[in-house]
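Participant: This structure is in structure tokens; I'll ask about it shortly.
The values are calculated or read from the model by the stated rules, or taken from the named source; none is laboratory data. What you are looking at is a predicted structure, and each value in this text was computed from that prediction instead of being measured. Don't worry about glycine lacking a Cβ; one is built from the backbone with ideal geometry, like all the others, and counts go over all protein chains shown. Heads up: the accessible areas ignore ligands, DNA and RNA and are worked out on the full protein's heavy atoms, side chains in. Shrake-Rupley method; radii C 1.70, N 1.55, O 1.52, S 1.80 Å.
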Amino acid sequence: MATISTKELTREFLDGIYDHPDGEKVNQCLQCGTCTASCPTSEVMDWSPRQIFAAVRAEMLDRVLGSNTDWYCVSCYSCTVRCPASIPITDVMYLLKNQGIKHNLMPRGTRGAKLSKAFCKIVSKGGRSAEFGLMMKYYFSTNPFAALGNLGFAMKMLGKGRLSLGSEKIKDVKGLRKMLEALEEISA
Amino acid sequence: MKSYAYFPGCSQTKANRAYDVSSRSVAAALGVELRELDDWNCCGASAYLSIDDNKALALSARNLALAEKTSDELVTVCSGCYLVLHKTNKILAGKPRVRERIDHALEAADLSYHGGVKVRHFLDVLVNDIGRERIEEAVTRPLEGLKVAAYYGCQLSRPYGEIDDPEFPVSMDFLARWLGGEPTPFPYRAKCCGGTSMTTSPEVGASLTGKILDSAISGGADCIITACPLCQLTLEAYQKKVSRQMGKKLSIPVLYFTQLMGNAFGLTEKELLLKDSLTAVPALLS
Ligand code: SF4
Ligand code: SF4
């Protein structure tokens, strides 16, 4: 469970968003709802994009993070290009996902998080991603039987020669890992 | 001959290799050189940004640093890679605090980046650097009125709107016309394809994909062209599933805009890999 107070969560969030161009504008949300109306997945979100900004103001980010909201964001940037206050809303969604992962504040079994985590593991290891390894990792962390449902698709791709069964590696894997480790040291 | 550093992106190495192959073939036919960036790494895509913003930026910065050794422009065919790389450039240029962290990380890999690389999408290069005249000259097998729904998706023109209009992009419609095709009305041209939600929440994904297929088909299109491997895969792979969920038949050939170009240029199967498609692309263009 969260060991971080809601006040600290808000501070950490603002700190992160200020690192993005136009991030300071989150404080200027008009509560107009344009973002929610533009969002293709707002219907299935527990909290709509507009409500997130109300929650930031009320220092209630923990509730947003405990919901499915950010993980339903598909990064389509429809909200961002329409927001009259020029708030980088998609970046806000990314940061909420970052915070949810960092403090383990997510609804249990968030599938989007599992897929993203599996992806990052593969990329951090070899520098490239490969679909087959990713899907195996993902399905084993969620529901191995669901993989069977996609067997037909996998076979089709295999038949076309479009499925890579091995893993891809760059030449300077060592350098890449050092680079990522250097960032871990800074944040620690 | 104009020459660019080229970032293929992971999807293009196998699953969407037809996009890589057809892009290289079209470039060659137009006298454009694409030099593959040596030892490029995954751009991190939206997945890495979701998990760790800083590491995601470092991954992209590594590619930019490698490109800067030989080039001032880096071309990519994937809209996802394009956006992440482009966005990294913007953040590094505008936020010194982030810049400092990323510089430090690059240093650990014996690299440095000075902000000297412009990131370009291949569509932008073709439409704006090469242009109508040279493209029309290369056409040997015009499309003869083939009805084309040009699908742009999200990350090509949003959020920055530098290549095209963020809400109603049109550059591929022009391109289709230059090839002898006829662009069709397609209101869902820039809505989300569903992307990875097809894996994580199939019901949500299928409804997004369904609306796009439906919009293209009702506009009278013979095919959909795309400029992004994830959009391409989503639109071609799930047509049966989506048809079942929507309760109507949504079946249409989906291909890369570079395959359509190459076909109009008279290029061969080996140069375009039309048979890689999961839809009836070979029959459409035979
Ligand atoms: S569109 Fe912008 S200003 Fe309007 S509610 Fe959303 S974030 Fe606030
Ligand atoms: S970027 Fe995310 S929050 Fe914004 S409209 Fe798209 S799905 Fe909704």
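Participant: Output yes when any residue across segment A:59-68 is within 9 Å of ligand 2 (Cβ to nearest atom) and not aromatic (Phe, Trp, Tyr), and no when none is. Break it down into steps so the answer makes sense when it comes.
Facilitator: Quick first cut of segment A:59-68, residues within 9 Å of ligand 2 (Cβ to nearest atom) only: none.
No, segment A:59-68 contains no residue that is within 9 Å of ligand 2 (Cβ to nearest atom) and not aromatic (Phe, Trp, Tyr).
Participant: Moving on to the next point. For segment B:211-286, please list each of the helices (runs of 4 or more DSSP H) lying entirely inside it that holds at least 1 residues being among the basic types (Lys, Arg). Working first, answer last.
Facilitator: Values: elements: B:229-237, B:239-246, B:257-264, B:269-272, B:281-285.
It comes to B:239-246, B:269-272.
Participant: Could you pull out every one of the helices (runs of 4 or more DSSP H) wholly within segment A:54-119 that has 2 or more residues that are within 14 Å of ligand 1 (Cβ to nearest atom)? Give the steps one after another, and end with the answer.
Facilitator: On the way: elements: A:61-65, A:78-82, A:89-102.
Fully inside segment A:54-119 and qualifying: A:78-82, A:89-102.
Participant: Kindly check whether there is at least one residue in segment A:23-42 that is near ligand 1 (Cβ under 10 Å from one of its atoms), closer than 23 Å to B:ASN54 by Cβ, out of contact with any Phe, Trp or Tyr (no Cβ under 8 Å at 6 or more places or on another chain) and open to solvent by 20 Å² or more (accessible area, probe 1.4 Å). Working first, answer last.
Facilitator: Taking segment A:23-42 as the starting set, the residues that turn out to be near ligand 1 (Cβ under 10 Å from one of its atoms) are A:25-26, A:28-39.
With the extra rule that they be closer than 23 Å to B:ASN54 by Cβ, the set shrinks to A:25-26.
Filter once more, keeping what is out of contact with any Phe, Trp or Tyr (no Cβ under 8 Å at 6 or more places or on another chain): A:25.
This time we only want the ones that are open to solvent by 20 Å² or more (accessible area, probe 1.4 Å), so: A:25.
Yes, that holds for at least one residue.
Participant: In segment B:17-54, how many are under 19 Å from the mean Cα position of the chain (by Cα), within 30 Å of A:ASP15 (Cβ to Cβ) and part of a loop (DSSP other than H, G, I, E, B)?
Facilitator: 4
Participant: Being more than 14 Å from chain A (Cβ to nearest Cβ) and surrounded by fewer than 21 Cβ atoms within 10 Å (Cβ to Cβ) is the filter here, so list the residues in segment B:188-233 that pass it.
Facilitator: In the first step, residues of segment B:188-233 are kept if they are more than 14 Å from chain A (Cβ to nearest Cβ); the result is B:213-214, B:216-227.
Within segment B:188-233, B:ASP214, B:ILE217, B:SER218, B:GLY219, B:GLY220, B:ASP222 qualify.
Participant: Another one. Taking only segment A:25-82 into account, find how many residues are farther than 19 Å from A:ASN104 by Cα, among the β-branched types (Val, Ile, Thr) and within 14 Å of another protein chain (Cβ to nearest Cβ).
Facilitator: 6
Participant: Would you please list the contacts, defined by Cβ atoms under 9 Å and residues six or more apart or on different chains, that run from a residue in segment A:94-108 that is within 13 Å of A:THR3 (Cα to Cα) to a residue that is among the charged types (D, E, K, R)?
Facilitator: Close Cβ pairs satisfying both conditions: A:GLN99/A:GLU12; A:GLN99/A:ASP70; A:GLY100/A:ASP70; A:LYS102/A:GLU12; A:LYS102/B:ASP52; A:HIS103/A:GLU12; A:HIS103/A:ASP62; A:LEU105/A:ASP62.
Participant: Mind counting the residues in segment A:83-99 that are more than 14 Å from ligand 2 (Cβ to nearest atom) and facing chain B (nearest Cβ under 9 Å)?
Facilitator: Residues flagged as more than 14 Å from ligand 2 (Cβ to nearest atom) and facing chain B (nearest Cβ under 9 Å) within segment A:83-99 amount to 1.
Participant: Only one residue in B:ASP173, B:ASP164 is outside any loop (DSSP other than H, G, I, E, B), open to solvent by less than 40 Å² (accessible area, probe 1.4 Å) and either within 23 Å of A:CYS39 (Cβ to Cβ) or touching a Lys or Arg at 6+ places or on another chain (Cβ under 9 Å) (or both), so which one is that? Reasoning before the result, please.
Facilitator: On the way: B:ASP164 fails: outside any loop (DSSP other than H, G, I, E, B).
None of the others qualify; the one that does is B:ASP173.
Participant: Then there is this: Considering only residues that are touching a Cys at 6+ places or on another chain (Cβ under 8 Å) and in a helix (DSSP H, G or I), which ones fall in segment B:190-210? Steps first, answer last, please.
Facilitator: Filtering segment B:190-210 for residues touching a Cys at 6+ places or on another chain (Cβ under 8 Å) gives B:190-193, B:195, B:208-209.
Within segment B:190-210, B:LEU208, B:THR209 qualify.
Participant: Right, here's the next one. Considering each residue of segment B:96-134, count those that are more than 14 Å from chain A (Cβ to nearest Cβ) and either within 30 Å of B:ALA29 (Cβ to Cβ) or open to solvent by 60 Å² or more (accessible area, probe 1.4 Å) (or both), and give that number. So that I can check it myself, show each step before the final result.
Facilitator: Here is the first cut: in segment B:96-134, the residues more than 14 Å from chain A (Cβ to nearest Cβ) are B:114-134.
From the residues that got through so far, the ones that are either within 30 Å of B:ALA29 (Cβ to Cβ) or open to solvent by 60 Å² or more (accessible area, probe 1.4 Å) (or both) too are B:114, B:116-134.
Residues that pass the stated criteria total 20.
Participant: Of the residues B:ALA47, B:ALA15, only one is surrounded by 21 or more Cβ atoms within 10 Å (Cβ to Cβ) and more than 30 Å from A:GLY16 (Cα to Cα); which?
Facilitator: Going through B:ALA47, B:ALA15 in turn, just one is surrounded by 21 or more Cβ atoms within 10 Å (Cβ to Cβ) and more than 30 Å from A:GLY16 (Cα to Cα): B:ALA15.
Participant: In segment A:35-49, what count of residues is obtained for those that are more than 10 Å from ligand 2 (Cβ to nearest atom) and either within 16 Å of A:THR90 (Cα to Cα) or at pLDDT 95 or above (or both)?
Facilitator: Here is the first cut: in segment A:35-49, the ones more than 10 Å from ligand 2 (Cβ to nearest atom) are A:43-44, A:46-47.
Those still in the list that are either within 16 Å of A:THR90 (Cα to Cα) or at pLDDT 95 or above (or both) too: A:47.
Qualifying residue count for the region: 1.
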